[in-house]
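The values are calculated or read from the model by the stated rules, or taken from the named source; none is laboratory data. Bear in mind that the values here come from a model prediction, so they are computed numbers and not experimental data. Quick reminder, even Gly has a Cβ in these numbers, built from the backbone with ideal geometry, and neighbours come from all protein chains shown.
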Amino acid sequence: MQARSKRRLAAGSSLVALAMTLIAQPAIAAPTASPTTTSSASPAATVRPAAEPTAEARAAQVGPGILIDDFDGAAGSAPDPEVWGFETGRGFEGWGNWEKQFYTDSRNNSWLDGQGNLIIQAKYEAPGATQQYGDDPGNSHNWETQWTSARLTTKDKFDFQYGRAEARLKAPQGAGMWPAFWALGTEGPWPQSGELDIFEGASWRPDSTLSNVFGGNAWNDLRMIDGWTDQGEPLGDDFHTYAMEWTPDTIQYFFDGRLHHEVTRANMGSDWRSSQPNYLILNVAVGGNFGGPFNADSGRDSTMVVDYVRVTNGQNPRPTGRLAISREWTALGGLRGRLGDTARDDARTFCGLRADGCGQRFEGGLILWSPASGAHPVWGEIGRKYAEVGYENSTLGYPTSGEFCGLRGGGCGQRFQNGYIYWSPTSGVQTVWGAIAGKYAKKGWENSALGYPTSGEFCGLRDGGCGQRFQGGYIYWTPATGAHSVWGAIAGKYADKGWETGQLAYPTSDEFCGLRDGGCAQRFQNGLIYWSPRSGAHPVWGEILDQYASQGYERGRLAYPITDELVTPRGWEQRFQGGILTWPR
């Protein structure tokens, strides 16, 4: 039911634990239409038998957290009084919703039909006929007293905490009818007690079922997460099953076995009130701020027929992205963790993302889930960078880990499907992905000479290339050369010669060391750069490189270059530790 003065209901009940052996239930045939009693809206009524069956004949099966009630009993009898009681009267302000019915405990409004069904019927009475039930002498509040109905509850008789609750019923859909199968917590006034609406129906939306979760501190300070689902046919045309799967993490609602709405602990955040026993309620309200307009003729379709109510204590929720996100939030500390609470105006899990993913926002960040990646949080500087590049729609895809810190220089990182985001106090926050990320990994991540990335990947370079800056150097990639790092003195000389736009073009190897006299070198598309402690870094290319190669590179008598290639009046020359190579014009 919608927000209402159920907040004023008295709290407190204990779990019924009867020593009864539960037996397998036979298949139940579809119930037939129930008889009605005489009223101004149903003149051709069928008279019910007046005999009361024995308690044994109509007893529900009850155990700790278990209820099986098939409503077997003689026609005209009450449901099992060991399980079901009645809330009567008009309720304060029409049960908080300005509803027009007066609830009775009379067989005039609720009875067993002798065919395994419970009947709850709202009735339009002759004007003034309900004054016999009145709790408002003289009708000082101008209540419309022409309607009676019934509100059955297991309060103080049976409650349960977690498990599955299910009813099979046929809903009334006369104008203004408001049938419901729902549960309230046993502790505290509403909404501190919490509310779990398994099924609500409204005649102004006949094809749809509504499920809902309430929780909060007061009627004007609560969180409500509702879910309407259009079932494609009027609910009142046939019997349907309405069920709730309730665990410490989630409340899943089912219509005829199909999951149609889910509210998780993470959705409700600090307003989660579903960690206490609940009792069940079955009722048919009339009008009010949800049922809608009604008239005397509404009584021609005002009967709810309930085939059975069953509660079992097994917990078998469907695995969903919403549930995975809620469990991740709980594992991260829930309200006490870094993510904290959810904002009431943004509390729902949003699904339908790329690759069937889901996400949910919290005060301190975001959790994203997909079937391939699982559920992981993003927050802080890394979360802001992730947002900047486009979340899961970016090259990164979904997170595959949480943030991991304690890295070199006080840094942090996070893995994604197709890359990483790194942050450190000196480098800031940057992405690294694709082939460049693969090379970064091979070089040892932030522990290598490269250190942390100081830019994102930049593309549109010569020959379709891309590059990325790091604290200690660069990684370059092209389709022809692959990805290679360049750092240190060789990177300095590469920069001096114009990077990839210069004579050398792109690197075709990483730096290789262990050469003569402690030297290192690196290959490029059009030459090499050599470095040694005594010679410094210098490139060799073109015809001079060919001569140098023929003499054994640095292993030959020339050893290392000590100048770059020079232009002279006679042509080109380059000096080496062991001599000079020239190329005439």
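Worth a mention:
- Test result for residue 529, assigned to a strand (DSSP E or B) and β-branched (Val, Ile, Thr): yes
For every residue, the table says whether it meets (1) in contact with a Cys (Cβ under 7 Å, 6 or more places away or on another chain); (2) at pLDDT below 95; (3) not hydroxyl-bearing (Ser, Thr, Tyr).
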{"position": "81", "(1), (2), (3)": "no, no, yes"}
{"position": "88", "(1), (2), (3)": "no, yes, no"}
{"position": "96", "(1), (2), (3)": "no, yes, yes"}
{"position": "102", "(1), (2), (3)": "no, yes, yes"}
{"position": "110", "(1), (2), (3)": "no, no, no"}
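- Apart from one condition, residue 574 fits all of (1) surrounded by fewer than 20 Cβ atoms within 10 Å (Cβ to Cβ); (2) farther than 18 Å from residue 505 by Cα; (3) modelled with pLDDT of 95 or more; (4) polar (S, T, N, Q); the exception is (1).
- Within the set 259, 280, the sole residue that is out of contact with any Cys (no Cβ under 9 Å at 6 or more places or on another chain), of a type outside the set (Gly, Ala, Ser), farther than 30 Å from residue 336 by Cα and buried (at least 20 other Cβ atoms within 10 Å of the Cβ) turns out to be 280.
- The strands (runs of 3 or more DSSP E) located wholly in segment 542-585 that include 3 or more residues which are not hydrophobic (A, V, I, L, M, F, W, C) occupy 571-576, 579-584.
- Only residues that are closer than 23 Å to residue 544 by Cβ and polar (S, T, N, Q) were counted in segment 459-512, giving 5.
- Selected residue (criterion: nearest to residue 182 (Cα to Cα)) from residues of segment 258-309 that are over 34 Å from the mean Cα position of the chain (by Cα) and assigned to a helix (DSSP H, G or I): 301
- Condition met for residue 463 (farther than 21 Å from residue 436 by Cβ and surrounded by fewer than 17 Cβ atoms within 10 Å (Cβ to Cβ)): no
- Where strands (runs of 3 or more DSSP E) sit wholly within segment 317-384, those with at least 1 residues that are within 19 Å of residue 260 (Cα to Cα) occupy 350-353, 357-362.
- Residues satisfying the stated conditions in segment 216-250, i.e. of a type in the set (D, E, K, R) and either touching a residue at least 60 places away in the same chain (Cβ under 8 Å) or part of a strand (DSSP E or B) (or both): 221, 223, 226, 230, 238, 245, 249
- Number of the condition not met by residue 63 [criteria: (1) surrounded by 16 or more Cβ atoms within 10 Å (Cβ to Cβ); (2) modelled with pLDDT under 80; (3) not hydrophobic (A, V, I, L, M, F, W, C)]: (2)
- So residue 348, is it within 11 Å of the chain's Cα centre (by Cα) and of a type in the set (D, E, K, R): yes
Per-residue answers, yes or no, for (1) of a type in the set (Gly, Ala, Ser); (2) in contact with a Lys or Arg (Cβ under 9 Å, 6 or more places away or on another chain); (3) crowded, with 17+ Cβ neighbours inside 10 Å:
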residue	(1), (2), (3)
469	no, no, yes
473	yes, no, yes
479	no, no, no
492	yes, no, no
512	no, yes, no
517	no, yes, no
526	no, no, no
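- Qualifying residue in segment 517-529 (condition: farther than 18 Å from residue 468 by Cα and within 50 Å of the chain's Cα centre (by Cα)): no
- In segment 376-402, of all residues being aliphatic (A, V, I, L, M) and touching a residue at least 40 places away in the same chain (Cβ under 8 Å), the one that is surrounded by the most Cβ atoms within 10 Å (Cβ to Cβ) corresponds to 382.
- Members of segment 163-202 found to be assigned to a strand (DSSP E or B) and closer than 16 Å to residue 239 by Cα, listed by number: 166, 167, 168, 169, 170, 179, 180, 181, 198, 199, 200
- Count - residues of segment 112-147 that are at pLDDT below 95 and either part of a helix (DSSP H, G or I) or closer than 20 Å to residue 81 by Cβ (or both): 8
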